[in-house]
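One structure is given below, encoded as structure tokens.
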Amino acid sequence: MTFSRDAEPTSIPPVDISDDALEAVRSQLAGTAEENDRTAQFPWKGLQVVHDAGLLRLGIAPRYGGADLSAVDSIRVFSALGQGDPSVALITAMTVFQHALQSKSPWWPEELYRKFVRDSLERPVLANAIRAEHELGAPVRGGLPATTIRRTASGWVLNGHKGYATGSEGLSYHLVWAATEEAEPRVGHAIVPGDSPGIRIVRTWDHFGLRASSTHDAIYTDVEIPAENFEPALASEQRGDAAFAGVALGGAALYLGVARAARDFFVRFAQERVPTGLGRPIATTERIQSVAGEIEAQLLLAEELAFGLGRRIDAGESIPPQRLVLAKPLIARAVVTVVQTAVAAIGNPGLTRNNPLERHLRDVLCVRVHPPQEDTALLVAGRRALGV
């Protein structure tokens, strides 16, 4: 597959990711987050907010009219979105990560990607890599997908059943991980337009947290795509370089936002709660002050780890892979501790549905299932440390 560098880039307006601009987006997302959680409907309003702010176009390479997205800015953006509505943040992250991948290691057919960019100026255009299968589990743990793709005279035909397809109902492009029907199968991502005949979304996502993320099943039955939309040799394309790892830190950073939202609720609650027997806000007690200190300590740990690595990546430092792979589970431990600590301190109100802390607890626990999961990260780091 060849890629032209001669075409004129699309004119893309600069994206404002100043603190004030991100706070405005966060505030709008927070206004619909509870409704999205209760209904579990696709969060179109929130994604329109993100689109209007230009954030769905982050990561588009300068050669296509965009601007490079630094690791630090990725963390800032997704932390803000996660603080507003983590379901919207996750769907947004999946699209931005695809732009970042195309920037670092081009693999889309050139004209199709340019259409992706042009359309993104007019409306929310979402893309995601659809990889997981219920029988297979997480692809990072190995194994071939049961989803297959077969060569035809004019292109490819895709068949399979995928699970956990985040953004499913709103995707403009499904990047479906599939294996060729050959004696020695090759694997890769097939680029499937979301309006292709033969795609069926089954609403299986009835989850503890991130309920509006539309992480449903996707079934592909004799879906035809052009020949250039699948290149199995790219299955071995290296996607774990430090430059992309920095952008991917944003995936963990959205849960930093959830932890911040939980912290903010805890602070307000402690300042406003005046038990009759105490006669003053519980924020004035040493017990609650100590809890607030623990929450700040865990936030400091997570934020310094994320931003510290981000700054080193942006500076071009060479960071050992085992350190990068450990960042996500360490951030996960800290942000989960933040929310659990707040819930434990305030008792029943923390688990009551008319308070957002209950939602923050459910959402933050979802950080554990995103790759790399803790056991995998520890295994990788441990093997490298032991020279095994």
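Every number here is computed from the coordinates shown, using simple stated rules; none is lab data. As the structure is a prediction and not an experimental result, all values here were calculated from the model. Heads up, the Cβs are rebuilt from the backbone with ideal geometry, glycines too, and the neighbour counts pull from every protein chain shown.
Give the peptides 185-192, 8-15 in descending order of average Cβ contacts within 10 Å, highest first. Numbers along the way, then the final one.
On the way: 185-192: 20.9, 8-15: 12.6.
Most protected by this proxy first, the peptides run 185-192, 8-15.
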Seminar exercise, completed: Amide H contacts under 5 Å for Ala190, restricted to residues at least 5 apart in sequence or on another chain and with H modeled in the peptide plane, are Val176, Trp177, Ala178
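Order these peptides, 128-134, 350-356, by their mean beta-carbon neighbour count within 10 angstrom, highest first.
Details: 128-134: 21.3, 350-356: 13.4.
Sorting 128-134, 350-356 by mean packing, highest first, produces 128-134, 350-356.
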For this session: Please get the size of the charge dipole for the chain, origin at its Cα centre, with Cβ charges of +1 on Lys and Arg and -1 on Asp and Glu, quoted in debye to the nearest 20.
Result: 780 debye
Exercise. If the chain between Arg151 and Thr204 were fully stretched, how many nm would it gain, using 0.36 nm times the residue separation less the Cα-Cα distance?
Worked result: 16.0 nm
Problem set entry | Phi to ³J(HN,Hα) by Karplus 6.51 cos²θ - 1.76 cosθ + 1.60 over segment 374-388, Hz, x for Gly, Pro | 4, 5, 5, 4, 5, 5, 4, 5, x, 4, 5, 5, 8, x, 8
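If contacts are Cα pairs under 8 angstrom and at least 6 residues apart, what is the relative contact order of the chain in percent?
Numbers: 707 pairs, mean separation 67.3, N = 388.
Normalised by residue count, the contact order of the chain is 17 percent.
Taking the Cα centre of segment 1-98 as origin and charging only Cβ (+1 Lys, Arg; -1 Asp, Glu), how large is the dipole, in debye to the nearest 20?
Values: 7 positive and 13 negative charges, 57 e Å.
Around 280 debye, computed over segment 1-98.
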Problem set entry | Using θ = phi - 60° and Karplus 6.51 cos²θ - 1.76 cosθ + 1.60, couplings along segment 119-134 (whole Hz; Gly, Pro as x) | 5, 5, 6, 9, 7, x, 10, 10, 9, 7, 7, 9, 10, 6, 9, 4
Problem set entry | Phi to ³J(HN,Hα) by Karplus 6.51 cos²θ - 1.76 cosθ + 1.60 over segment 190-205, Hz, x for Gly, Pro | 8, 8, 10, x, x, 9, 5, x, x, 9, 10, 9, 10, 6, 9, 7
Exercise. Can you tell which of Ala297, Ala332, Ala33 shows the greatest fluctuation in a Gaussian network model of the chain with Cα springs below 10 Å?
Worked result: Ala297
Exercise. Given only helices, namely DSSP H runs of n ≥ 4 each adding -39500 (n - 2.57), what is the per-residue ellipticity at 222 nm of the chain, to the nearest 500 deg cm²/dmol?
Worked result: -16000 deg cm²/dmol
Problem set entry | Amide proton proximity set for Tyr164, modelled H, under 5 Å, gap of 5+ | Asp217
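In percent, how large is the relative contact order of segment 130-235, given Cα pairs closer than 8 Å and 6 or more residues apart? Don't jump to the answer; show the numbers that get you there.
Values: 237 pairs, mean separation 32.8, N = 106.
It comes to 31 percent, rounded to a whole number.
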Exercise. Residue farthest toward the positive end of the dipole of segment 242-386, with Cβ of Lys/Arg at +1 and Asp/Glu at -1: which of Leu254, Pro371, Thr337?
Worked result: Pro371
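What does the charge add up to near Thr180, with Lys and Arg as +1, Asp and Glu as -1, over the other residues with Cβ less than 13 Å from its Cβ?
Working: positive: Arg150, Arg151, Arg186; negative: Glu181, Glu182, Glu184, Glu231.
With Lys, Arg at +1 and Asp, Glu at -1, the net is -1.
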Exercise. How high is the relative contact order of segment 257-380, in percent, with contacts defined as C-alpha pairs under 8 Å that are six or more residues apart?
Worked result: 31 percent
Exercise. Taking amide hydrogens as modeled 1.01 Å from N in the peptide plane, which residues meet the under 5 Å criterion relative to Leu126, leaving out close sequence neighbours?
Worked result: Ser172, Tyr173
For this session: Rounded to the nearest 10 degrees, what's the angle between the helix 242-272 long axis and the longest principal axis of the chain, both from Cα atoms, 0 to 90?
Result: 30 degrees
For this session: Positive end of the charge dipole of segment 130-235 (Lys, Arg +1 and Asp, Glu -1 on Cβ, about the Cα centre): tell me which of Val176, Phe208, Ser154 has its Cα farthest that way.
Result: Phe208
